[in-house]
Amino acid sequence: MSNERNERYAAVLVAGSWGTALASVLADNGFTVRLWTRNRQQAEEINTRNENAKFLPEIRLNSAIVATPSMEEALAEADIALFVAPSSAMRDVARQAAPYMSESTLCVHATKGFETETLNRMTIVLSEELGRPAERIAVLSGPSHAEEVIRKQPTTVVVASSGLAVAEQAQDAFMNPYFRVYTNPDAIGVEVAGAIKNIIALGAGLSDGLGFGDNAKAALLTRGLAEIGRLGEAMGANPKTFAGLAGVGDLVVTCTSKHSRNWRAGFMLADGTPLDEVLSRMGMVVEGVRTTRAAYELAKRYNVEMPITAQLHQVLFEQLEPKTAVTRLMGRLRTHEIEPID
């Protein structure tokens, strides 16, 4: 990403909690960051008060972060473009960005979900809209809460791309003393793990809300990891990815922390609160809800058994009682944890 200019520019699209936290990492690493938001009031608050109070209250942002509602301004001379739009908005944001994206701009995304209509991973959505091959796009994932990253608490993540040079460029851009970055060539596995763990986190919140104990949650996480692995391998992922930061690492942090939106949503659903009310009270995107729809269809497409996903699909969209879903999971026919070796 070297150029003749002394100053390095990063465009971050959009200004939610995770986008703002990653903008802070880039600003700490010497980038002038242009944080794109459709909300002019939000942009004014960031620029005049160095705050993004809705998403990260009581945090003073690095003065190198400048918010703008102009996509053209955000991407002008950008050395790196980081897409952190919700999965439902990624295609629209990428389409708006495409006319202003330079061929030399490093493209990274940090969104954990699938496009519901096409079931595509975010790398594919970006590839289609930006007109660049998937190997020139990197995905950043792993166990990382925005609330901790913005406070510079130690965090370790992974950047993945089938193009090693692209992953290493992203590693160089984000790595610093509190934000450690590994590379991985398996973008498919990293994206699948990042998406499906949100479903399991919904289940973990549901389990906690129903008052079940650690035994139940440990089983949920373990069998959830098995679902991630089955779908990921069917889609072409390397199974080793699921034992790493993007797999078990992200699964643990998302299923055990009250910072997790998906955990909180599941917890609220446990007492019978309707889904629409849960989402309204959250006030932020809960990716696991849309991902449950997509994963349910992907399981059918790839003929993969995903019982946790199937039961959560019924809880979210078919009015199944949460306790009934758990009873059905516990009452499934006996099976092997690991298939016997011939």
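Brief remarks on what is shown
- Restricted to helices (runs of 4 or more DSSP H) entirely inside region 245-285, those with at least 1 residues that are free of Cβ contacts under 8 Å to residues at least 40 places away in the same chain and under 22 Å from Gly194 (Cβ atoms) are 261-269, 275-282.
Residues are listed down the side, and each one gets a yes or a no for (1) part of a loop (DSSP other than H, G, I, E, B); (2) acidic (Asp, Glu); (3) farther than 20 Å from Ala89 by Cα:
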residue	(1), (2), (3)
Thr20	no, no, no
Val25	no, no, yes
Arg34	no, no, no
Arg38	yes, no, no
Gln42	no, no, no
Ile46	no, no, yes
Glu58	yes, yes, yes
Asn62	yes, no, yes
Glu77	yes, yes, yes
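- Check on Ser88, small (Gly, Ala, Ser), under 23 Å from the mean Cα position of the chain (by Cα) and more than 23 Å from Ser162 (Cα to Cα): yes
- Of the residues making up region 227-244, those that are buried (at least 19 other Cβ atoms within 10 Å of the Cβ) and outside any helix (DSSP H, G or I) are Ala237, Gly244.
- Checked against (1) over 16 Å from Leu22 (Cα atoms); (2) touching an Asp or Glu at 6+ places or on another chain (Cβ under 8 Å), Pro133 passes all but a single condition, namely (2).
- Breaking point among (1) part of a loop (DSSP other than H, G, I, E, B); (2) surrounded by fewer than 18 Cβ atoms within 10 Å (Cβ to Cβ), for Val304: (2)
- Single unsatisfied condition, Thr291 versus (1) under 21 Å from Leu210 (Cβ atoms); (2) hydroxyl-bearing (Ser, Thr, Tyr); (3) surrounded by 21 or more Cβ atoms within 10 Å (Cβ to Cβ): (1)
- Residue count for region 106-145 under the criterion of being part of a loop (DSSP other than H, G, I, E, B), buried (at least 21 other Cβ atoms within 10 Å of the Cβ) and either touching a strand residue (DSSP E or B) at 6+ places or on another chain (Cβ under 6 Å) or of a type in the set (Ser, Thr, Tyr) (or both): the result is 4.
- Any chance Gly224 is in contact with a strand residue (DSSP E or B) (Cβ under 9 Å, 6 or more places away or on another chain), crowded, with 19+ Cβ neighbours inside 10 Å and in contact (Cβ under 8 Å) with a residue 60 or more places away in the chain: no
- Scoring Gly189 on the criteria (1) in contact with a strand residue (DSSP E or B) (Cβ under 8 Å, 6 or more places away or on another chain); (2) not in a helix (DSSP H, G or I) leaves a single failure, condition (2).
- Flag if Thr183 is of a type in the set (Val, Ile, Thr), under 20 Å from Ser17 (Cβ atoms) and free of Cβ contacts under 8 Å to residues at least 40 places away in the same chain: no
- Against the test of being outside the structural domain of Ala89 (by TED's automatic domain parsing) and under 24 Å from Gly229 (Cα atoms), the options Arg290, Arg281, Arg264 yield a single qualifying residue, Arg290.
- Verdict on Glu129 being among the acidic types (Asp, Glu) and under 30 Å from Leu251 (Cα atoms): yes
The values are calculated or read from the model by the stated rules, or taken from the named source; none is laboratory data. Because the structure is predicted, anything quoted here is derived from the model rather than measured. Every residue, glycine among them, receives a Cβ derived from its backbone with ideal geometry; neighbour counts consider all protein chains shown.
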